[in-house]
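These notes concern the structure reproduced below.
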Amino acid sequence: MEFMRLEKYFLQITIVLVFILIIETLVLNYNRVGIGDFYYHAGVVNELQENPFSPKHPFYGTDDVTPYFTPYHLIVALFGNIFHLTAPEALMVFAIINMLIFILGLNLFAKYLYGEFSIIILLFILFLWRGDFGFSGEYSFRFLPRVASYHSLFAIGMMLFAYAISLKARFSNIIIVSLLSAVAIISQPISIFALSFGVPILLLKRFGSIKKAALFSLIYGITLLILLYLWPYYSLFAAAVGQAKSTSIWQNGIFPMYAPKIIIKVIWPILLLCPILFIDGVRKHSFPLLIALSIFIPYIIFAPKNSELTGRSLLFIILMIQISLAYAMSNLIRNNRKWGLILIFLSPLFLFNMAYGTYSNSKGDKSFLKPMKQEIIIISRHLKHYEVVITDINTGYYLVGHSAKIVATIFPQTFVKDDKQRIDNIARIYDPATNNLSRKNIAKKYNAQYFLINKNKIRLKRGAMFIDSNKAVVDSVRTMGNTLLELDQLLLIKIADY
């Protein structure tokens, strides 16, 4: 195996892999018009596009506190305004930018850490998996296109750039490290452990002196706290405390990134290769492994809490281990090309993940959701940004990504005191036993101007299954105002004066 010749062409191979990822992401977004939490983020971007200086609640249009307004969403919103893109369009474009930021940050960090960039690192990062956990922030080839437009990948990219600059730290650029860290932490608080521990560890490598590393770490820490405190949209520290209390326990059994069987199922190829670290010499990879260990400490301490916040930090641990494994493999092959047989042994796994990812990400959406999403785009053109619409929580979730506000959404709004009451009122709207006078009183309570009725499938409770829309309810609501627009699935009614 001509490994050294392959290494010479890493740029070309990287470009090919990135090109494939870009195509997959574009095809996925075209076929499915956004999946998962996409419209959750689109709603936040939409609000910041409309009102970047004093935004309202992105879903309800109220003055309730919300931790959703992050640097990432603000950047996407400004990007969308500059290029005259809607919030979903801006997010789809930023999916490509996010991937490039991640790969460039990875390249820069690895190059500064080891003095060179190895093509194996990209292969291991993208393909050394056997499955996925199903959360944003994952960066495997098969899952990355699905979450490329999310803030989690952006935060990892900012973290990698902060790491890279830490390895070249001077008084003149330690502020940049703090700024990148603040952007990453506010965009995705899960990154707080990786940055709080990772940057000081890398400063120690940079200076080789505990005293000097401690001084720079102190400057970094103070500057970081000031930047986090100055974030204008909400008190990050108050929000963090409130969110930690409300989401300390994962409600659906053991959180996947704390479940040993799931972890082993997903990362067994990584575990299988770990012995090569000892063969190559652990000390050569001490700093990324030390970062992984420092993140593992809070990860394991908070395991009994079953917390998503600390559980998802597992991805940062895996990233550091993958980087170490890639360079250990490069070193071994460079000294003895027979070690390249391991890559040949792993090639079926790499090819399987590429084929599986390409197939699953390019499949079209044949459910009722895709035409409904397309109808939402048409409906949104008839609504103003702060007009309130009463609709079921699933239809409303897609609507706020384009225009208008809603009464309740599928995501729990931790800092909205009447959030549960909002959900209950939506259920009452769609209850056949509810009369139109009660429906009008609910509409008046939230100053709603429209009903948006999904004539096909609706969802009334968080975590509940879709149910068929009740024809009697649809016919009754029709009498409450003027029908402005009726499509195959959606019916928009302007409520008559209260």
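The values are calculated or read from the model by the stated rules, or taken from the named source; none is laboratory data. Remember, predicted model here, so these are calculated numbers, not experimental data. Using ideal geometry, Cβ is built from the backbone for each residue, glycine included, and neighbour counts are taken over all protein chains shown.
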Practice task
Please determine, by comparing only the residues of the range 321-337 that are without any contact (Cβ under 8 Å) to a residue 60 or more places away in the chain and among the aliphatic types (A, V, I, L, M), which one is surrounded by the fewest Cβ atoms within 10 Å (Cβ to Cβ).
Solution key: Leu332
Completion exercise
Leu180 passes all but one of the listed conditions (1) buried (at least 18 other Cβ atoms within 10 Å of the Cβ); (2) farther than 18 Å from Gly105 by Cα; (3) without any contact (Cβ under 8 Å) to a residue 24 or more places away in the chain; the exception is number (2)
Exercise for the section: Under 7 Å between Cβ atoms, at least 6 apart or on separate chains: pull out the pairs that start in the range 44-64 with a residue that is under 17 Å from Ser187 (Cβ atoms) and in contact (Cβ under 8 Å) with a residue 12 or more places away in the chain and end on any residue that is part of a helix (DSSP H, G or I) and among the charged types (D, E, K, R). Expected result: Pro55/Glu47; Pro58/Glu47
Completion exercise
All-but-one check, Thr434 against (1) under 20 Å from Glu387 (Cα atoms); (2) polar (S, T, N, Q); (3) touching a Lys or Arg at 6+ places or on another chain (Cβ under 9 Å), failing number (1)
Practice task
Inspect all residues belonging to the range 457-473 and state whether any of them is touching a Leu at 6+ places or on another chain (Cβ under 8 Å), at pLDDT below 95 and not assigned by TED's automatic domain parsing to the domain that holds His57.
Solution key: yes
Completion exercise
Only one of (1) modelled with pLDDT of 95 or more; (2) hydroxyl-bearing (Ser, Thr, Tyr); (3) closer than 20 Å to Phe316 by Cα does not apply to Tyr220, and that is (3)
Exercise for the section: Take the residues in the range 99-120 that are at pLDDT below 90 and assigned to a helix (DSSP H, G or I), then tell me which one is surrounded by the fewest Cβ atoms within 10 Å (Cβ to Cβ). Expected result: Ile119
Exercise for the section: Go through (1) within 18 Å of Ile406 (Cβ to Cβ); (2) outside any loop (DSSP other than H, G, I, E, B) and name the single condition Asn482 misses. Expected result: (1)
Practice task
Could you list, in sequence order, all residues of the range 65-81 that are within 23 Å of Leu180 (Cα to Cα) and either outside the structural domain of Ile186 (by TED's automatic domain parsing) or of a type in the set (A, V, I, L, M, F, W, C) (or both)?
Solution key: Phe69, Leu74, Ile75, Val76, Ala77, Leu78, Phe79
Practice task
Out of the residues in the range 19-76 that are in contact with a Pro (Cβ under 6 Å, 6 or more places away or on another chain) and of a type in the set (D, E, K, R), state the one that is modelled with the highest pLDDT.
Solution key: Glu47
Practice task
Give me a count of the residues in the range 387-407 that are closer than 16 Å to Ala42 by Cα and either in a loop (DSSP other than H, G, I, E, B) or outside the structural domain of Lys417 (by TED's automatic domain parsing) (or both).
Solution key: 5
Practice task
Taking Arg146 as the residue in question, decide whether it is in the same structural domain as Leu230 (by TED's automatic domain parsing), among the charged types (D, E, K, R) and not in a helix (DSSP H, G or I).
Solution key: no
Exercise for the section: Scan (1) within 27 Å of the chain's Cα centre (by Cα); (2) within 23 Å of Ile201 (Cα to Cα); (3) crowded, with 18+ Cβ neighbours inside 10 Å; (4) not basic (Lys, Arg) for the single condition Ile267 breaks and write down its number. Expected result: (2)
Exercise for the section: Could you tell me which numbered condition Leu383 fails, if it satisfies all but one of (1) over 18 Å from Ile267 (Cβ atoms); (2) at pLDDT below 95; (3) among the hydrophobic types (A, V, I, L, M, F, W, C)? Expected result: (2)
Fill in the blank from the handout: Per the filter on the range 148-164, residues farther than 16 Å from Ile185 by Cβ, crowded, with 24+ Cβ neighbours inside 10 Å and either at pLDDT 95 or above or of a type in the set (A, V, I, L, M) (or both) are Ala148
Fill in the blank from the handout: Pairs returned, first residue in the range 152-165 that is over 15 Å from Phe287 (Cα atoms), second residue that is β-branched (Val, Ile, Thr) and not in a helix (DSSP H, G or I), beta-carbon separation under 9 angstrom, 6 or more apart or interchain, are Phe154/Thr70; Ala155/Thr70
Practice task
Can you confirm whether the range 374-386 contains a residue that is within 24 Å of the chain's Cα centre (by Cα), crowded, with 18+ Cβ neighbours inside 10 Å and in a helix (DSSP H, G or I)?
Solution key: yes
